[in-house]
Amino acid sequence: MTLWAGRFDSSMSQALWDLSESFSFDRALYRHDIMGSRAHVQGLVRAGILNEAEGGVLLETLEAVEREFTRGEFVRGEGDEDIHTAIERRVTEIAGPVGAKLHTGRSRNDQVATTLRLFTRDAINNTAAVVLDLIDALREIADNNLAVYLPGYTHMQRAQPVLLSHHMQAHCFALLRDVDRLLDARDRMSVSPLGAGAIAGTSLPLDPVFTAKELGFEQAFANSMDATSDRDFVAETLFAMALLGVHYSRLGEELVLWTTAEFGFASLGDDFTTGSSMLPQKKNSDVAELARGKSGRLVGNLTGLLTMLKGLPLAYNRDLQEDKEPLFDSVKTVVNVGTALAGAYRSMTVHAEKMAAAADDELLVAIDIAESLVEAGMPFREAHEIVGGLVGEAVRSGATLESIVASTADLAQYSGLFAQGEALNRRRSPGASGPNAYMVQGYRLGSAVFAAEERLRS
Ligand code: ARG
């Protein structure tokens, strides 16, 4: 029997039940739902709607039900449509008549909004911790390979040699923005909807500010209709996770390339690669491919949610129940992928000689010759033209650019630029890939990570 059977002559059709039940997935919210109920009970006691003894019984019973869930002993009742009805039904079963007072002044509409915010807050904190650990794994590679350099690519064509540390730090800065965005969403959603009721609040003397404080929210809702229908916090979280997924995907794509025989820049540990069921020689970077592939569902979860929200009139509509599965899926995905990527990077061997061989492509020095001419007073466009001509000559004749430079009267003095690593050593603009710049960026990255860690704990 449902909790609202009083108004109905016949019970719900099986088809509607199958369509509308959500317990099969929203049971994942049990801890946060009980957290919300606990605060609600305390609010009812404070308002004098429950006496101390009744409140005590309900709190104890809620704890007992939570234990049943945690131990996997909770048995779903026939009419348990969602996690909220399941818990209320069970509380009433255990506590007796006082259980019938639990839902006083509350609707599942403000309840579910509260529960989901509590869940999302924890999910964001867990995700941020995973991303910070991934950043850590990338920084380890940066810090352990200070002298390693590789080609930097634009258009996937070799552009200029860059330090591996600079390259890895670039990824770190992107991931740090993800952490910041997640925590922005967390802090903005720190508004308690509890007390908004079904749509318009209640005639009972409840104090939403009190329950908001109990639940660790910054503030209570200002408008009950907004409070019960707002899922912006889910959308923001899904966006932050989708963009994080896009960054995971870019890391994945790069790892796939780096671990090919053609690049050979890195290899992953055996514990982070897979073999082939047919081809004995294969060692596949599935972890990287999945990091890339799973970005699809993260973007899909966001677009699905936004599409679901876009036509909804105020206030609560049952469509909103569709907020949960995408959120659960995105949370699970970003945590799984981030954890696996961190492990993969920690298992990774860098093949510095392969990277250097590719970066020592002498054509990558072209810009440094041109900039040397600029330092000698030549307008850049002219210098570009001259060096471009030399590169063209080298490509056409098969002679090395270095030999052509060495045998050109006004340019011979720049032959030294071809020495290995020289181009990198000369790089000195702020934020550039050069040895001095690395220190500054490392410091900035380090303090940004520290600030993010602090914020995560706050
Ligand atoms: N399972 C519902 C959801 O997730 C809970 C709220 C249902 N409220 C209602 N009036 N039917 O949104």
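Roughly what angle does helix 324-346 make with the longest principal axis of the chain, taking Cα atoms, 0 to 90 degrees, to the nearest 10?
Approximately 40 degrees, to the nearest ten.
Give me the percent of accessible area attributable to carbon and sulfur for the chain, probe 1.4 angstrom.
Accessible surface attributable to carbon and sulfur in the chain totals 53 percent.
Show log10 I(q)/I(0) for segment 143-191 at q = 0.26 Å⁻¹, two decimals, from a solvent-free Debye sum over equal Cα scatterers.
-0.93
Let me make sure I get this right: for segment 313-446, a, b and c are the square roots of the gyration tensor eigenvalues over alpha carbons, sorted descending. Under 1.5 in a/c it's rounded, otherwise prolate if a/b > b/c, else oblate. Which is it? Working shown, then result.
Details: a/c = 2.93, a/b = 2.48, b/c = 1.18.
Prolate.
Please work out how much length the chain gains when fully extended from Asp319 to Arg428, using 0.36 nm per residue of separation minus the C-alpha to C-alpha distance, in nm with one decimal.
33.6 nm
Using only the alpha-carbon atoms, what does segment 236-375 span along each of its principal axes? Please give whole angstrom values in decreasing order.
Here the spans come out as 66, 53, 23 Å, largest first.
Hey, got a sec? Which trypsin sites (Lys or Arg not before Pro) in segment 373-458 land in a DSSP loop and have at most 13 other Cβ atoms within 10 Å? Mind dumping the intermediate values first?
Values: sites: Arg381, Arg396, Arg426, Arg427, Arg428, Arg444, Arg455, Arg457; in loops: Arg427, Arg428.
The qualifying sites are Arg428.
Angle between the Cα long axis of helix 52-70 and the longest principal axis of the chain, 0 to 90 degrees, nearest 10?
50
Write down the radius of gyration of the chain and its Dmax, each obtained from C-alpha positions, in Å.
Taking only Cα atoms of the chain, I get Rg and Dmax of 29.9, 101 Å.
Can you list the residues of segment 79-115 with backbone N under 15 Å from a point 7 Å past the Cα of Ala47, pointing along Cα to Cβ?
Under 15 Å, as judged by backbone N against the label point of Ala47, lie 101-111 of segment 79-115.
Round to a whole angstrom and tell me the spacing of the C-alpha centers of segment 277-322 and segment 142-209.
18
Stretched out fully, how many nm does the piece from Leu146 to Asp410 gain, at 0.36 nm a residue minus the Cα gap?
Details: separation 264, 0.36 × 264 = 95.04 nm, distance 3.49 nm.
Extra length available between Leu146 and Asp410 comes to 91.6 nm.
Averaged per residue, what accessible area in Å² does the chain show with a 1.4 Å probe, protein chains only? Each step should come with its number before you reach the end.
Details: 22020 Å² over 458 residues.
Value for the chain: 48 Å² per residue.
Give the whole-number value, in cubic angstrom per residue, of the convex hull volume spanned by the C-alpha atoms of segment 110-254.
With only Cα atoms used, segment 110-254 gives 110 Å³ per residue.
Checking the table Lys282/Lys354; Lys310/Lys332; Lys283/Lys354 against a 22 Å threshold on Cα-Cα, which pairs fail?
Lys310/Lys332
Volume per residue, Å³, of the convex hull around the alpha-carbon atoms of segment 18-82?
95
The values are calculated or read from the model by the stated rules, or taken from the named source; none is laboratory data. It should be emphasised that the depicted structure is a prediction, and the values quoted were computed from it without experimental measurement. Reconstructed Cβ throughout: ideal geometry from the backbone, glycine too, with neighbour counts over all protein chains shown. Surface accessibility is based on the protein's heavy atoms, side chains included, excluding ligands, DNA and RNA. Shrake-Rupley method; radii C 1.70, N 1.55, O 1.52, S 1.80 Å.
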